[in-house]
Amino acid sequence: METKREQITTEVVFNGDRTYEIKRRIEGYKGDKAILIGLYPTIDGDNITKIDSTQLHLINHMKEMGLSEVRIVNLYSEVFERKPAVSQLTYDTENFEYISKAVNEADTDSCKLIIAYGSSLGSNKMTNTIKHNLLTVISKSRIKNN
């Protein structure tokens, strides 16, 4: 009989009702790192053990994708339990700068970029502006060749 133990740690960078990053790491596993860009977070500093469906799928496939760590950042930093109305979304300059810094500081040899916001809010002018600005940041970053 065998016993195997693996631990996934979670770190959350937040300020009040805004979450800037959720980091999931498989301790002791050697793999690549990734930055996943989503739409909005469901986790804040008070519930860091919560796993939404996107994160559950990600965790289930991290090893399959060769990932030991994923930094999850979002276009919007407000935390929502359910899909928000467009009127609830607000642009957060500090969040955009946080994402830009994460992308620009990424190690291009061991970091993958996963864009996971899809075509959500495709007709929302503010969201499209943020997506466009983010793609501009990505195209100028060192991570662009991965």
Problem - Top-ranked residue of the range 32-85 - restricted to ones that are touching a strand residue (DSSP E or B) at 6+ places or on another chain (Cβ under 6 Å) and among the small types (Gly, Ala, Ser), ranked as modelled with the lowest pLDDT - result: GLY45
Completion exercise
Counting only residues in the range 49-70 that are open to solvent by 60 Å² or more (accessible area, probe 1.4 Å) and touching a residue at least 12 places away in the same chain (Cβ under 8 Å), the one farthest from ILE130 (Cα to Cα) is identified as LYS63
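Considering only the range 23-37, how many residues are assigned to a strand (DSSP E or B) and either open to solvent by 50 Å² or more (accessible area, probe 1.4 Å) or touching a Lys or Arg at 6+ places or on another chain (Cβ under 8 Å) (or both)? Spell out the reasoning first.
Residues of the range 23-37 that are assigned to a strand (DSSP E or B), as a first pass: 23-26, 32-37.
Applying the additional criterion that residues be either open to solvent by 50 Å² or more (accessible area, probe 1.4 Å) or touching a Lys or Arg at 6+ places or on another chain (Cβ under 8 Å) (or both) yields 23, 25-26, 32-36.
Number of matching residues: 8.
Go through the range 117-137 residue by residue and tally those that are within 16 Å of ARG71 (Cβ to Cβ) and modelled with pLDDT under 90. Can you show your working first?
Narrowing the range 117-137 to residues within 16 Å of ARG71 (Cβ to Cβ): 117, 134, 137.
Next, only the ones that are modelled with pLDDT under 90 stay: 117.
The number of residues fulfilling the criteria is 1.
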Practice task
Consider VAL73 carefully, then state whether it is buried (at least 16 other Cβ atoms within 10 Å of the Cβ) and touching a residue at least 60 places away in the same chain (Cβ under 8 Å).
Solution key: no
Exercise for the section: Given the conditions (1) of a type in the set (Ser, Thr, Tyr); (2) open to solvent by 60 Å² or more (accessible area, probe 1.4 Å); (3) not in a helix (DSSP H, G or I), report the number of the one that THR9 does not fulfil. Expected result: (2)
Completion exercise
Here the residues within the range 105-146 that are within 12 Å of ILE35 (Cα to Cα) and open to solvent by less than 70 Å² (accessible area, probe 1.4 Å) are ALA106, THR108, SER110, CYS111, LEU113, ILE114, ALA116, ILE138, ILE143
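Which fully enclosed helices (runs of 4 or more DSSP H) of the range 38-146 have 2 or more residues being farther than 25 Å from ILE26 by Cα and touching a Lys or Arg at 6+ places or on another chain (Cβ under 9 Å)?
Values: elements: 53-61, 93-105, 125-140.
It comes to 93-105.
The values are calculated or read from the model by the stated rules, or taken from the named source; none is laboratory data. Since this is a predicted model, take the numbers as computed values, not measurements. Don't worry about glycine lacking a Cβ; one is built from the backbone with ideal geometry, like all the others, and counts go over all protein chains shown. Protein only, heavy atoms only, side chains kept; ligands, DNA and RNA dropped before computing areas. Shrake-Rupley method; radii C 1.70, N 1.55, O 1.52, S 1.80 Å.
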